[in-house]
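Beneath this line is the structure, given in structure tokens, with notes to follow.
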Amino acid sequence: MSVPAKTDTALGRAPLLALLGGTAATALLITVALILPAEYGRDPLGIGKATGIDRLWAPPEIRAAASAGDAAAARSYGQAYRSDIVEIPLAASGDPERGDEIEYKVRMKKGSTYIYSWDVPGIADPEEFYSEFHGHTVEDGKAMTVAEYRKSTGTSDHGSLVAPFSGVHGWYLQNQSLKPVTVRLRLAGFYEIIPAGEPGNEAGLEARQVR
């Protein structure tokens, strides 16, 4: 009767451990070289950049509402963008021809936007210049819709306007100082310059368009 030969299992462990070690090393290399650049934006070996794999990575996205209040944040206008400078001369306070006050507006469609900046050099006391920022409709035979945006004293103002209705929107300006001044108004956005003599530009001021 023959006796089965003993199997030395220790002789088979070395190749198995080598195989497992090689597999682990390969997995680690794949993780460092490929997965980290593509999934986490980390590229310690520079392989992601060299191969372009790093371009697959993007940070997590947080979705924000594409609106500003009740209106869309991105808007499209049916007219070209423009920019203008208007020089507005005003006489000293008490001028018998009322040249110390003036109204100047531009025509806007509902939802149109402009940014503005105006200042009055030469007045030491800001309380000696008064302004009203407002708008109104100009439809013949219909009740006038009026909106008042700002009333204040001061020699400068900077801001923006989204027209709440179609009409003319701008300023009433009054010089209360004892010397003549010139208001320098800058406008940019989506609006139309009102021709001289029409409602909003009864004084016939000329705007210089900036190209």
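Failed condition for Val146, given (1) over 26 Å from the mean Cα position of the chain (by Cα); (2) farther than 18 Å from Pro199 by Cα, with all others met?
(2)
Would you confirm whether or not region 158-180 contains a residue that is aliphatic (A, V, I, L, M), surrounded by fewer than 14 Cβ atoms within 10 Å (Cβ to Cβ) and not in a helix (DSSP H, G or I)?
Yes: region 158-180 contains one or more residues that are aliphatic (A, V, I, L, M), surrounded by fewer than 14 Cβ atoms within 10 Å (Cβ to Cβ) and not in a helix (DSSP H, G or I).
Yes/no per residue for (1) part of a loop (DSSP other than H, G, I, E, B); (2) at pLDDT below 80; (3) among the β-branched types (Val, Ile, Thr); (4) surrounded by 15 or more Cβ atoms within 10 Å (Cβ to Cβ):
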| position | (1), (2), (3), (4) |
| --- | --- |
| Ala58 | yes, yes, no, no |
| Arg75 | yes, no, no, no |
| Ala80 | yes, no, no, no |
| Asp84 | no, no, no, yes |
| Pro89 | no, no, no, no |
| Ala92 | yes, no, no, no |
| Ile102 | no, no, yes, yes |
| Lys110 | yes, no, no, no |
| Ile123 | yes, no, yes, yes |
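Just for region 125-135: of the residues that are over 19 Å from Leu205 (Cα atoms) and crowded, with 18+ Cβ neighbours inside 10 Å, which one is nearest to the chain's Cα centre (by Cα)?
Taking the candidates together, the pick is Phe129.
Cβ contacts < 7 Å: first residue farther than 21 Å from Leu187 by Cβ, restricted to region 130-156; second residue open to solvent by 70 Å² or more (accessible area, probe 1.4 Å), any location; separation 6+ or different chain. Result?
The qualifying pairs are Thr153/Glu127.
The values are calculated or read from the model by the stated rules, or taken from the named source; none is laboratory data. Quantities reported herein were computed from a predicted structural model and do not represent experimental measurements. When we count neighbours, we look across all protein chains shown, and the Cβ atoms used for this are built from the backbone with ideal geometry, even at glycine. Calculation scope for accessible area: heavy atoms of the full protein, side chains included, ligands and nucleic acids excluded. Shrake-Rupley method; radii C 1.70, N 1.55, O 1.52, S 1.80 Å.
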